[in-house]
Amino acid sequence: MRHPLIAIAIATTAAFASASASAAGGASFSTDTCRYDYSTPFDVDVAAAGLSFHRTEGSPAKVFLHDGTLRVDGKLVAVSDADAVALRRYEDGVRKLVPEVAAIAREGVSMSYEAMTSVTLTFAEGDQRAEILEKLKRKQADSLRSIDEGIGAGHWSSNRMAETVAGSVSDGVGELVGSVTSSAVTAALSGDTSKVAALQARADSLDKSLNREMNKRSRALESRTATICPRLDALAELQRAWKVRLPDGKPLELMTIKPKHSSDNDHDKVASF
């Protein structure tokens, strides 16, 4: 019975890998086509009144900009006409970027839960199936609501995004692993070769259909995600070009710009350019 069980484990693991890969796509954005690796030390709120960049650690604690006007920790900072134009363009770029990020995050989460639903329908049975499907439905709704109330409403927080997407999906995958493993072990230990064969057939069929569907949707999501890089590149160029200085004389850096595969020294050179 050992070999069929191993085969089943391999097939079901492939199914879960597909679900996990989809989840990762919703949690972060590949920077392979970006000029640099980008991040921000701030949480960001996008409102009609302007953009607020804020954090609990580090200085400055709050940066606010709107229509070319800049405030740092509540104090107005004078900027040149050229920098005012750059700040307006930066604000406009962020406003257009945030809804697209929200849409991509929603699609990534939806893909992940649809993959887990397919796994559940294939392996779980009876009351267990209904219970898991209900939990997945509830977790998906909670995740999508969190996205809508967060980045979808103009509130960006990398910690919140990670918790919403990666945390929620990993919980669902963990529960599925337990139920599917139980089914596989029960079938293997029963000595009923027909049960093992049926479970193996379901695993093989799921592996093919799930990979085919997820690959198709993943490619579409990757194409959409690829449009993020040019926007980030444009924001980075604006930041590198403006002459805006903070009250302590340091340049205004709303995003961290790090060369790919660079050392910390290289990072410092670019980020402070």
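The values are calculated or read from the model by the stated rules, or taken from the named source; none is laboratory data. Small disclaimer: the values here were computed from a predicted structure and weren't measured. Please note: Cβ atoms are built from the backbone with ideal geometry, for glycine as well, and neighbour counts cover all protein chains shown.
Out of R106, R129, which single residue is outside any loop (DSSP other than H, G, I, E, B) and closer than 20 Å to R219 by Cα? Break it down stepwise before answering.
Numbers: R129 fails: closer than 20 Å to R219 by Cα.
On inspection, the qualifying residue turns out to be R106.
Among the candidates V101, V72, V79, V63, the residue that is in contact (Cβ under 8 Å) with a residue 60 or more places away in the chain and under 30 Å from R138 (Cβ atoms) is uniquely V101.
Annotation: of all residues in the range 231-255 being part of a helix (DSSP H, G or I) and among the acidic types (D, E), the one that is modelled with the highest pLDDT is E237. Do we find a residue being buried (at least 16 other Cβ atoms within 10 Å of the Cβ), among the aliphatic types (A, V, I, L, M), in a helix (DSSP H, G or I) and modelled with pLDDT of 50 or more anywhere in the range 62-85? Yes, the range 62-85 contains a residue that is buried (at least 16 other Cβ atoms within 10 Å of the Cβ), among the aliphatic types (A, V, I, L, M), in a helix (DSSP H, G or I) and modelled with pLDDT of 50 or more.
Could you grab me the full set of residues in the range 225-256 that are under 19 Å from the mean Cα position of the chain (by Cα) and crowded, with 19+ Cβ neighbours inside 10 Å? Matches in the range 225-256: T225, I228, L232, M255.
Per the listing K62, K75, the residue uniquely within 30 Å of A241 (Cα to Cα) and touching a Phe, Trp or Tyr at 6+ places or on another chain (Cβ under 8 Å) is K62.
Every residue, every condition in (1) surrounded by fewer than 19 Cβ atoms within 10 Å (Cβ to Cβ); (2) among the aliphatic types (A, V, I, L, M); (3) modelled with pLDDT under 80; (4) out of contact with any helix residue (DSSP H, G or I) (no Cβ under 7 Å at 6 or more places or on another chain), yes or no:
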{"residue": "A103", "(1), (2), (3), (4)": "yes, yes, no, yes"}
{"residue": "S112", "(1), (2), (3), (4)": "no, no, no, no"}
{"residue": "V119", "(1), (2), (3), (4)": "no, yes, yes, no"}
{"residue": "A124", "(1), (2), (3), (4)": "no, yes, yes, no"}
{"residue": "E149", "(1), (2), (3), (4)": "yes, no, no, yes"}
{"residue": "D171", "(1), (2), (3), (4)": "yes, no, yes, no"}
{"residue": "S182", "(1), (2), (3), (4)": "yes, no, yes, yes"}
{"residue": "T186", "(1), (2), (3), (4)": "yes, no, yes, yes"}
{"residue": "K195", "(1), (2), (3), (4)": "yes, no, yes, no"}
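With respect to the conditions (1) surrounded by 15 or more Cβ atoms within 10 Å (Cβ to Cβ); (2) under 17 Å from the mean Cα position of the chain (by Cα); (3) not in a strand (DSSP E or B), E91 falls short on a single one, namely (2).
Pairing residues of the range 126-138 that are under 20 Å from S110 (Cβ atoms) with residues that are surrounded by fewer than 15 Cβ atoms within 10 Å (Cβ to Cβ) and at pLDDT below 80, at Cβ distances under 8 Å and at least 6 apart in sequence or on separate chains, gives L133/L121. The requirement of being modelled with pLDDT under 95 and either closer than 17 Å to T256 by Cβ or not hydroxyl-bearing (S, T, Y) (or both) is satisfied by E57.
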